[in-house]
Amino acid sequence: MGAILVSGMHGLGDSLHQRAVLRQLMQSNEVWLESSWVAPYHDLISEGLHVVRKNTTLRTQAGNAHRERDRFEDRRMPITYRTIDIWYKPAEVRAAGSVLGAMCRNTGTDIETADFRLTVPKEWQDRAREFIGYPAKPVMVYRPLVERMEWSGCSTRNPDHNAYQALFESIRDRFHVVSVADLVPGKEWTIGPLSDADQYFHGGQLEFESLAGLFSLASLVFCSPGFAVILAQAVGTPVATIFGGYERAYSFSAGARYSPYLGIEPNNPCDCFKHGCRCSKSIDVPAARERLEAFASAAAQGCAIAAGRSADRLAGLASHLHGQRRT
């Protein structure tokens, strides 16, 4: 068994996607991963993955690496090893049909069997319960639209705020809404008026374990493109994603096999992947609302049918929603 040093990506969504690559590489190699995250790989670590710290100046990643500083691998790598970089370019995402597909092409792994699903320990769900309790309604995780100094693509990627808010409000009353963000004045901030939620955790209170626990307990995740889509898919929770510019719904299509996925795009969708693109973000809100309401109704009904997550429940719910989702 040869040793491989994998240079991982920093973004949380990319870090979750690359679990699929690591899982395949681990079948015949001793794998060492450079990352600013440890917890997202807890189950792979128990199977032999080694995670070493990857230095970064990115705010969230650096903060998490400091929080998990005692969890990184402290023994030395084998003397002989080969290296693999996980990465992708826009043209490769278009050609492969998804971000994960592009990752697999660039690492020589198989997209057909690529599996980034994440095991969520009960302890993580218990941590989430300490924040949200036991609401009477099904839980919906809501991601407000944000911009941040570290990445200039936010304004292009975000959907139209008025459409985003209108669609959220069309299903809001069916759920106990938990709004999550990690805001810092001058570094990351919300766009437009805040939508009405039952609970707000906007100060980064939820570390990854609590966040994953929350997503796994939720009946629905409502978000713009970003890590929330991939985390929902990783833990098997239905996710409705409203797109703006920059990329299209197919970016996240590889995870639709693991959880119901609804991608609502603008009337003239754009996959330019350019930060300064002025693509139109106009959405046919009445038509989108009809699709979203059917999707949300099925998600809420799925929660009422059975508590917790099970393979049978997810398979049944995915089948029920198949006609509604757009990938």
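Quick one: which residue in T113, T107, T80, T119 is modelled with pLDDT under 95, among the hydroxyl-bearing types (S, T, Y) and more than 27 Å from N267 (Cβ to Cβ)?
Of the residues listed, the single one that is modelled with pLDDT under 95, among the hydroxyl-bearing types (S, T, Y) and more than 27 Å from N267 (Cβ to Cβ) is T80.
In this structure, does E47 turn out to be part of a loop (DSSP other than H, G, I, E, B) and more than 17 Å from M9 (Cα to Cα)?
In short, yes.
How many residues does segment 265-306 contain that are among the acidic types (D, E) and over 26 Å from D173 (Cα atoms)?
1
Every residue, every condition in (1) surrounded by 15 or more Cβ atoms within 10 Å (Cβ to Cβ); (2) assigned by TED's automatic domain parsing to the domain that holds A234, yes or no:
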{"residue": "A62", "(1), (2)": "no, no"}
{"residue": "A65", "(1), (2)": "yes, no"}
{"residue": "D70", "(1), (2)": "no, no"}
{"residue": "R76", "(1), (2)": "no, no"}
{"residue": "T83", "(1), (2)": "no, no"}
{"residue": "I86", "(1), (2)": "yes, no"}
{"residue": "L118", "(1), (2)": "yes, no"}
{"residue": "F131", "(1), (2)": "yes, yes"}
{"residue": "K137", "(1), (2)": "no, yes"}
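Do we find that F273 is assigned to a strand (DSSP E or B) and either closer than 19 Å to S155 by Cα or in the same structural domain as G97 (by TED's automatic domain parsing) (or both) in this structure?
Considered against the rule, which asks whether it is assigned to a strand (DSSP E or B) and either closer than 19 Å to S155 by Cα or in the same structural domain as G97 (by TED's automatic domain parsing) (or both), F273 comes out as no.
Quick one: which of S179, S170, S155 is of a type in the set (S, T, N, Q), surrounded by 14 or more Cβ atoms within 10 Å (Cβ to Cβ) and part of a strand (DSSP E or B)?
Of the residues listed, the single one that is of a type in the set (S, T, N, Q), surrounded by 14 or more Cβ atoms within 10 Å (Cβ to Cβ) and part of a strand (DSSP E or B) is S179.
Looking at (1) touching a helix residue (DSSP H, G or I) at 6+ places or on another chain (Cβ under 7 Å); (2) outside any helix (DSSP H, G or I); (3) not acidic (D, E), which is the one condition that is false for P40?
The one condition P40 does not meet is (2).
Could you list all residues from segment 77-122 that are of a type in the set (G, A, S), part of a helix (DSSP H, G or I) and more than 14 Å from Q18 (Cα to Cα)? Step through it out loud before you land on a result.
Looking only at segment 77-122, we keep the residues that are of a type in the set (G, A, S), and these are 91, 95-98, 101-102, 108, 114.
Next, only the ones that are part of a helix (DSSP H, G or I) stay: 91, 95-96, 101-102.
Result: A91, A95, A96.
The values are calculated or read from the model by the stated rules, or taken from the named source; none is laboratory data. Small disclaimer: the values here were computed from a predicted structure and weren't measured. Using ideal geometry, Cβ is built from the backbone for each residue, glycine included, and neighbour counts are taken over all protein chains shown.
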